[in-house]
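The values are calculated or read from the model by the stated rules, or taken from the named source; none is laboratory data. Quantities reported herein were computed from a predicted structural model and do not represent experimental measurements. Positions of Cβ are backbone-derived with ideal geometry, glycine not excepted, and every protein chain shown enters the neighbour counts.
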Amino acid sequence: METVSNPTVQFFGITFDLTILAMSLLTVLIAFGITFWASRHMTIKPKGKQTFIEFLYEFVRNTIRPNLGEYTNNYSLLMFTFFFFLLVANNLGLMLKLQSEEYNFWTSPTSNFMVDFTLSLIVAIVVHVEGIRKRGLATYLKHYVSPYPVMLPMNILDQFTSLISLALRLYGNIYAGEIVMSLIISLAHSSIVGASVGFVLNLAWTAFSIFIGCIQAYVFTILSSKYIGEKVVEEEE
């Protein structure tokens, strides 16, 4: 299989991946466009496009409610934004394959680890900021030396591992899916028989990848709400 890379550009010594930037922007535009279109001229009794967007929103609310309890309304829009962005981003790379002999111009933004890490970092910032805001700095920091001060390194390590695992889980599934799809497409180009087999395999793998993409959006959302809930709901009965 030929080796291709994404086009990049240097700006003040920082390398920017143009494909990932373009696909991330496209994801935002698609997610915003669908939400804007579906939320125009809303009525008390939903129908058509309004039913679709309200179903997704209620699905997210019901998903995060066990973790956030009475604070569900505070974070429902944030969690919906994560979920819908990932729902589009995870499946965007399945639509087509666009590349030259040297460069790849189409991929899922979430097949890039730094995109996933950035999303996880946003979650981590929200988690700690909200924890401090709800409990106060002293009470929040005291949590890290509980139940004993000797647990401080382990509690700090737990925060880092949660951040990294959230990113790696998303990255591994989406990146692996696109690699397998590239192999199937290469098989389809190998011969007439390969084209027939590749076509069938590609249909099956695309359907499976859509399922995985949706599951990963769900997993990221429910874990994010769990981490936030641990800081804002903890010890409140």
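Per-residue answers, yes or no, for (1) within 28 Å of Lys231 (Cα to Cα); (2) out of contact with any helix residue (DSSP H, G or I) (no Cβ under 6 Å at 6 or more places or on another chain):
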residue: Phe16; (1), (2): no, yes
residue: Ile34; (1), (2): no, yes
residue: Gln50; (1), (2): no, yes
residue: Val60; (1), (2): yes, no
residue: Glu102; (1), (2): no, yes
residue: Trp106; (1), (2): no, yes
residue: Ser111; (1), (2): no, no
> Among (1) under 19 Å from Tyr171 (Cα atoms); (2) in contact (Cβ under 8 Å) with a residue 12 or more places away in the chain, where does Tyr103 come up short?
Replying inline: (1)
>> Suppose we keep only residues that are under 26 Å from Gly213 (Cβ atoms) and β-branched (Val, Ile, Thr) within the range 145-183. Which one would you say is surrounded by the most Cβ atoms within 10 Å (Cβ to Cβ)?
In response: Ile174
> Considering Gly69, Gly131, which residue is of a type outside the set (Val, Ile, Thr), surrounded by fewer than 14 Cβ atoms within 10 Å (Cβ to Cβ), assigned to a helix (DSSP H, G or I) and in contact (Cβ under 8 Å) with a residue 40 or more places away in the chain?
Replying inline: Gly69
>> Residues to consider are Gly33, Gly48; find the one that is small (Gly, Ala, Ser), over 29 Å from Phe208 (Cβ atoms), free of Cβ contacts under 8 Å to residues at least 40 places away in the same chain and out of contact with any Phe, Trp or Tyr (no Cβ under 8 Å at 6 or more places or on another chain).
In response: Gly48
> Does the range 184-194 hold any residues that are under 19 Å from Leu94 (Cβ atoms) and exposed (fewer than 13 other Cβ atoms within 10 Å of the Cβ), and which are they?
Replying inline: His189
> Out of curiosity, is Arg65 over 14 Å from the mean Cα position of the chain (by Cα), of a type in the set (D, E, K, R) and under 20 Å from Tyr218 (Cβ atoms)?
Replying inline: yes
>> Taking the conditions exactly as written (surrounded by 13 or more Cβ atoms within 10 Å (Cβ to Cβ), within 21 Å of Leu166 (Cα to Cα), modelled with pLDDT of 90 or more and not charged (D, E, K, R)), does Thr19 satisfy them or not?
In response: no
> Considering the range 29-58 alone, what residues qualify as being surrounded by fewer than 14 Cβ atoms within 10 Å (Cβ to Cβ), assigned to a helix (DSSP H, G or I) and not aromatic (Phe, Trp, Tyr)?
Replying inline: Leu29, Gly33, Thr51, Glu58
>> Residues to consider are Leu78, Leu98; find the one that is surrounded by fewer than 22 Cβ atoms within 10 Å (Cβ to Cβ) and either farther than 30 Å from Ala204 by Cα or under 19 Å from the mean Cα position of the chain (by Cα) (or both).
In response: Leu78
> If the Cβ limit is 9 Å and pairs must be 6+ apart or interchain, which residue in the range 183-207 that is more than 14 Å from Leu96 (Cα to Cα) and of a type in the set (Val, Ile, Thr) pairs with which residue that is at pLDDT below 85 and assigned to a helix (DSSP H, G or I)?
Replying inline: Val197/Leu187; Val197/Ala188
>> Can you confirm whether Leu170 is over 17 Å from Leu96 (Cβ atoms) and free of Cβ contacts under 8 Å to residues at least 60 places away in the same chain?
In response: no
> Which of the residues spanning the range 20-74 are out of contact with any Gly (no Cβ under 9 Å at 6 or more places or on another chain) and small (Gly, Ala, Ser)?
Replying inline: Ala22, Ser24, Ala31, Gly33, Ser39, Gly48
> Does Phe117 fit the bill of being within 28 Å of Pro7 (Cβ to Cβ), among the aromatic types (Phe, Trp, Tyr) and either surrounded by 14 or more Cβ atoms within 10 Å (Cβ to Cβ) or at pLDDT 90 or above (or both)?
Replying inline: yes
